[in-house]
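These notes concern the structure reproduced below.
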Amino acid sequence: MSQPAKETPQMEKIVSLCKRRGFIFQSSEIYGGCGGVWDYGPLGAELKRNLRDAWWKAMVRDREDIVGLDAAILMNPAIWKASGHVDTFADMMRECSLTNKRVRADHVEPQSGTVMTYTGAQSPTGWKIERPISALLWKGTHIESFRKQVRLLISSNAGEAAGKAEEIELLGEAKGDEVTNSVDFHPETGGALGPARPFNLMLRTFLGPTASLDDPTYLRPETAQAIFAQFKNVFDSSRVKVPFGICQIGKAFRNEVTPKNYTFRSREFEQMELEFFIKPDEAVEIICGQVAPWSESADLSEPQPNWGWEMWHRYWVQERTRFYQSIGLGDVVHYYWQTQADLAHYARACVDILCEFPFGTEELEGIAARGDFDLSQHQKHSTKSQEVFDEDLKNAAAKLTDEQKEALIQKRLAAEQAKTKGEPMPEADVRAWFERLFKGNYVPHVIEPSAGLDRMALAIIAKAFSETVKTDDKGKSETITVLRFHPRIAPVKCGVFPLLKNKPELVAKAREVYALLKKHMNCFYDETASIGRRYARQDEVGTPFGVTIDFETLGEKGPELEDTVTVRERDTNEQHRIKIADLTAWLLARIS
Ligand code: ATP
């Protein structure tokens, strides 16, 4: 008999299961950890690998129009200047005046209480603060415990110089205003917050023995820029034609101010990014006569030559949705279409694919139509052309009359004037751009689906996590955890069990079956404890199939069952009798 378990904090259970069964460990745990950094244990490594492979297969191997790249993490810092990361990849931060602790300006929880001010502080060691200090006396906090807390905070920030916390003298105490829902005090310390200042999220490092503080490079904060920086090399070496894409999977690093929600926001993580390069709409119009208009009923099943950026963007939203369906997340993804106000000045559209996590519905992937911003920036900063030449475009443009060409230019000029963000392109530049276009040259535009592998793994674990309370015949209840992974991405595909471990014939046959299957999939051999316990152990790590070698297998129950095994399905508990000769194919059909 089984029934749904009662509600308990799901995230805690997931974190504990992930550690207990070897999915995710805290980095450097034996030294107290390393904030916002995680390691994947044996099962986590398999899960991530399966997700990576599924993504690569869907995005690269199964398609003719996408190729891969595996670029270095370190790059010339000029790339990060050109991309805008050096100047703008920052969170606005505010600093606590008591502790120097920083908090993201948009993450300050509103506080209420009385503002207490001091003209300074001093201690018998001779240490002093000679500037005004203010902090919030929260409603319900006694003034004495407040003073004690302020002394402690000041002392822990000042270190040994300030001596004992209890001996610090707070000078010139005055009671100030009562405030309600103020965002000017640190939510943890109550210290007054300073002005918001940008805090760059890139992790700096120094390349080569002579590099100095003035000469840093960065651990890449995204994989995308290497794709742009290598665009020309890939284009020139791979016989690809626009539209085509370049994919990359790899590590990215961000010095997140508040890493949180387990692996969801980490400082080191992995991204899976596609840059799909397309013709500018004007080129499509010249070649095809018109750009296919998007509507809800548009057919997105097969890319067409007359697709402009909007159809391509919608197509990629659909393709990515299909991917999430294929790994079992179909019913927990949602979409947030960014509004004009949300969008960067160069972006035409961006949709966030969100997923239901135990801590809320949050971003899993962003799919942006970024125009030609990225390649144009690199063209400008590197002074190396990022243009491609398109013979069809040149030939089609040669057939246009001067009036038709002017009409295209006028349409673009009107669009530039209608822009609500960024500066319109000056007319001379627009005309120069068309001049190049009519000769068949342009910088490709790009659609960018950018997903996080660690967030995807966490989403998969959270979605798979389920608990039931099982009560046995004697009325004893036990909570059973099952990870209901989609077989395609489950870390272990199949458990192999001899019914009894003290029967050498059963064990030998089971080892034979294990060796057979292991060549094709990740399996786990287990001969200890009762068969029910072994099933339960595999259910807990999401293994979709269990193969038991029993007396029937040995032919002891008649020749017709000889060399057959019992295959149990995790989710249905259904059992099938399968011939060993057919077993590999039977399983492969269900896991691929
Ligand atoms: P967020 O708004 O959550 O910080 P973002 O919009 O900055 O994310 P992008 O720069 O678009 O994220 O990165 C693409 C993807 O990379 C995200 O959708 C996410 O899956 C992943 N990602 C980004 N930052 C992190 C992080 N700190 N930890 C784990 N994954 C991340």
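The values are calculated or read from the model by the stated rules, or taken from the named source; none is laboratory data. In this text, all values refer to a predicted model and were calculated from it rather than measured experimentally. No Cβ is skipped: glycine too gets one built from the backbone with ideal geometry, and neighbour counts run over all protein chains shown. Accessible surface is based on the protein model in full, side chains and every heavy atom, while ligands, DNA and RNA are left aside. Shrake-Rupley method; radii C 1.70, N 1.55, O 1.52, S 1.80 Å.
One residue stands out in the range 353-389 among those that are open to solvent by 20 Å² or more (accessible area, probe 1.4 Å) and of a type in the set (Asp, Glu): the one that is nearest to residue 430 (Cα to Cα), namely 372. Every test in (1) part of a strand (DSSP E or B); (2) open to solvent by less than 40 Å² (accessible area, probe 1.4 Å); (3) closer than 30 Å to residue 120 by Cβ; (4) not polar (S, T, N, Q) is passed by residue 91 save one, and that test is (3).
No other residue among 455, 484 is at pLDDT 95 or above, within 16 Å of the ligand (Cβ to nearest atom) and touching a strand residue (DSSP E or B) at 6+ places or on another chain (Cβ under 7 Å) apart from 455. For the range 515-531, residues that are open to solvent by less than 40 Å² (accessible area, probe 1.4 Å) and either over 30 Å from residue 467 (Cα atoms) or over 29 Å from the mean Cα position of the chain (by Cα) (or both) total 3.
Look through 324, 335 and report the one residue that is open to solvent by 70 Å² or more (accessible area, probe 1.4 Å), within 15 Å of the ligand (Cβ to nearest atom) and either of a type in the set (A, V, I, L, M) or modelled with pLDDT of 95 or more (or both). Answer to the check: 335.
Residues of the range 17-39 that are out of contact with any strand residue (DSSP E or B) (no Cβ under 6 Å at 6 or more places or on another chain) and under 19 Å from residue 253 (Cα atoms): 26, 28, 34, 35, 36. Restricting attention to the range 407-452, the residues that are under 30 Å from residue 364 (Cα atoms) and at pLDDT 95 or above add up to 10. Restricted to the range 206-231, and to residues there that are more than 16 Å from the ligand (Cβ to nearest atom) and at pLDDT 95 or above, the residue that is surrounded by the fewest Cβ atoms within 10 Å (Cβ to Cβ) is 230. Just so you know, in the range 575-585 the residues that are assigned to a helix (DSSP H, G or I) and surrounded by 15 or more Cβ atoms within 10 Å (Cβ to Cβ) include one that is farthest from the chain's Cα centre (by Cα), and it is 580. Residues of the range 232-263 being within 14 Å of the ligand (Cβ to nearest atom), free of Cβ contacts under 8 Å to residues at least 60 places away in the same chain and assigned to a loop (DSSP other than H, G, I, E, B), which ones? Correct list: 254, 255. For the range 543-566, a residue qualifies if it is of a type in the set (Phe, Trp, Tyr) and surrounded by fewer than 21 Cβ atoms within 10 Å (Cβ to Cβ), and exactly one does: 551. Residue 278: surrounded by 21 or more Cβ atoms within 10 Å (Cβ to Cβ) and more than 16 Å from the ligand (Cβ to nearest atom), yes or no? Yes: the conditions hold for residue 278. On the stretch given as the range 388-407, residues that are in a helix (DSSP H, G or I), closer than 23 Å to residue 278 by Cα and charged (D, E, K, R) total 4. Out of all the residues in the range 541-577, which are over 25 Å from residue 502 (Cβ atoms) and in contact with a Ser or Thr (Cβ under 8 Å, 6 or more places away or on another chain)? Correct list: 570, 576. Among the residues in the range 290-304, are any open to solvent by 50 Å² or more (accessible area, probe 1.4 Å), within 16 Å of the ligand (Cβ to nearest atom) and under 30 Å from the mean Cα position of the chain (by Cα)? Scanning the range 290-304, I find no residue that is open to solvent by 50 Å² or more (accessible area, probe 1.4 Å), within 16 Å of the ligand (Cβ to nearest atom) and under 30 Å from the mean Cα position of the chain (by Cα), so the answer is no. What number of residues within the range 75-88 are in a loop (DSSP other than H, G, I, E, B) and among the hydrophobic types (A, V, I, L, M, F, W, C)? Residues flagged as in a loop (DSSP other than H, G, I, E, B) and among the hydrophobic types (A, V, I, L, M, F, W, C) within the range 75-88 amount to 1. So which pairs qualify, if the first residue must be in the range 353-373 and within 9 Å of the ligand (Cβ to nearest atom), the second must be in a loop (DSSP other than H, G, I, E, B), the Cβ gap must be under 6 Å, and the two must be at least 6 apart or on different chains? Between residues of the range 353-373 that are within 9 Å of the ligand (Cβ to nearest atom) and residues that are in a loop (DSSP other than H, G, I, E, B), the close pairs are 368/347. Selection of the range 323-335 for residues being touching a residue at least 24 places away in the same chain (Cβ under 8 Å) and outside any loop (DSSP other than H, G, I, E, B) yields 323, 324, 326, 332, 333, 334. Does residue 314 qualify as being of a type in the set (Lys, Arg), buried (at least 19 other Cβ atoms within 10 Å of the Cβ) and within 16 Å of the ligand (Cβ to nearest atom)? Taking the combined requirement at face value, the residue does not satisfy it.
Does residue 448 fit the bill of being within 30 Å of residue 232 (Cα to Cα), within 16 Å of the ligand (Cβ to nearest atom) and either surrounded by 12 or more Cβ atoms within 10 Å (Cβ to Cβ) or without any contact (Cβ under 8 Å) to a residue 24 or more places away in the chain (or both)? Judged against the criteria, residue 448 is a match.
Report whether or not residue 437 is out of contact with any Pro (no Cβ under 8 Å at 6 or more places or on another chain) and of a type in the set (A, V, I, L, M, F, W, C). The answer is no for residue 437. Considering 103, 67, 60, the condition of being touching a Pro at 6+ places or on another chain (Cβ under 8 Å) and either closer than 21 Å to residue 327 by Cα or not aromatic (Phe, Trp, Tyr) (or both) is satisfied by 103 alone. The single condition among (1) touching a Lys or Arg at 6+ places or on another chain (Cβ under 6 Å); (2) at pLDDT 95 or above; (3) farther than 30 Å from residue 251 by Cα that residue 508 does not meet is (1). Assessment of the range 181-194 against the conditions (assigned to a strand (DSSP E or B), open to solvent by 50 Å² or more (accessible area, probe 1.4 Å) and away from the ligand (no atom under 16 Å from the Cβ)) yields at least one matching residue.
Among residues of the range 420-431 that are on the phi > 0 side of the Ramachandran plot, those with a beta-carbon under 7 Å from a residue that is assigned to a loop (DSSP other than H, G, I, E, B) at least six positions away or on a different chain give the pairs 422/345; 422/346.
The residues on offer are 439, 476, and the sole one that is touching a residue at least 24 places away in the same chain (Cβ under 8 Å) and away from the ligand (no atom under 16 Å from the Cβ) is 439.
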